[in-house]
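Working notes, beginning with the structure itself.
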Amino acid sequence: MMASIHPLKPPTALDPGFLLHAVDFACIKHRDQRRKNKFAAPYINHPVGVAQILWAEGGVRDIDVLQAAILHDTVEDTDTTHEELVKEFGQKVADIVKDVTDDKSMPKDKRKRHQVEHAKHISQAAKVVKLADKLYNLRDLRDCPPAGWDTKRIQGYFVWCQAVVKSVSGANSLLEAALKDLFETGSFSVEGLAINDPLVHGKAMLRVVTLTRDCVPKDTDLTEFLEAYYSAMSIAGETEDNNNNNNN
């Protein structure tokens, strides 16, 4: 028996031309951008992957939402304007993208705080896109952390995303279940240093080892942990997104 799905509209026959138009537009806009992971993957992998999560895991069949997922970073991270999206894809798609677009003129710690609060007030369609966006980014971070990200930075991003997801609770139970499982059981690997036992190896030497850490730290005050993350973002000189050094 199939699992229940929660589309924003009843499943209907979709014209692939609508999605192909969005993919083509996004490919052109993101053509020079790369993901921040160690593979420097083409950035377009991300918005297409977000749309795939909505379709395959979230049961979403609303063409406007799927188009918005493909286009969700175009205004934030390229020269695309809201008016351009209205002209090309219509008001609804443009408004969904607007709802999930960060204001990059804000300091990054304030932008992070604002996203948590703002997410409570965006449209239902935008909340679903945000869930899929966070799920894609968190899986990518778990499986392929960017160079230079230590354990606290990775865990801080997970704890912040957990706060954002809480703000859009009830938007799509399937995606929220996948995120809940990731928050509760997810782990990632990072490299660390250990000292060889001189009794075993003859002399003490540092060596590189692979360490496994929980995505969300256990037995920790997550409110304090999140505040520490915000403080780190206010001090750090770089952005935190996964394209052009951004991870939203």
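Points worth noting:
- In segment 101-129, the residues that are closer than 24 Å to ARG31 by Cβ, in contact with a helix residue (DSSP H, G or I) (Cβ under 6 Å, 6 or more places away or on another chain) and in a loop (DSSP other than H, G, I, E, B): THR101, ASP102
- Just so you know, in segment 111-129 the residues that are among the basic types (Lys, Arg) and touching a residue at least 12 places away in the same chain (Cβ under 8 Å) include one that is nearest to TRP55 (Cα to Cα), and it is LYS127.
- Filtering segment 39-73 to residues that are farther than 10 Å from ALA26 by Cβ and touching a strand residue (DSSP E or B) at 6+ places or on another chain (Cβ under 6 Å) leaves ALA40, ALA41.
- Set HIS82, HIS72: member being within 22 Å of ASN137 (Cα to Cα), at pLDDT 95 or above and not aliphatic (A, V, I, L, M): HIS72
- Answer residue from segment 7-47, given it is surrounded by 16 or more Cβ atoms within 10 Å (Cβ to Cβ) and closer than 20 Å to LYS127 by Cβ and is modelled with the lowest pLDDT among those: PRO7
- Within segment 128-153, the set of residues being within 21 Å of ILE44 (Cβ to Cβ) and of a type in the set (Val, Ile, Thr) comprises VAL128, VAL129.
- Taking segment 79-100 as the range and being part of a loop (DSSP other than H, G, I, E, B), surrounded by fewer than 19 Cβ atoms within 10 Å (Cβ to Cβ) and touching a residue at least 24 places away in the same chain (Cβ under 8 Å) as the test, the residues that pass are ASP79, GLY90.
The values are calculated or read from the model by the stated rules, or taken from the named source; none is laboratory data. Because the structure is a prediction, the values reported are computed rather than measured. Note that each Cβ is placed from the backbone with ideal geometry, even for glycine, and that neighbours are counted across all protein chains shown.
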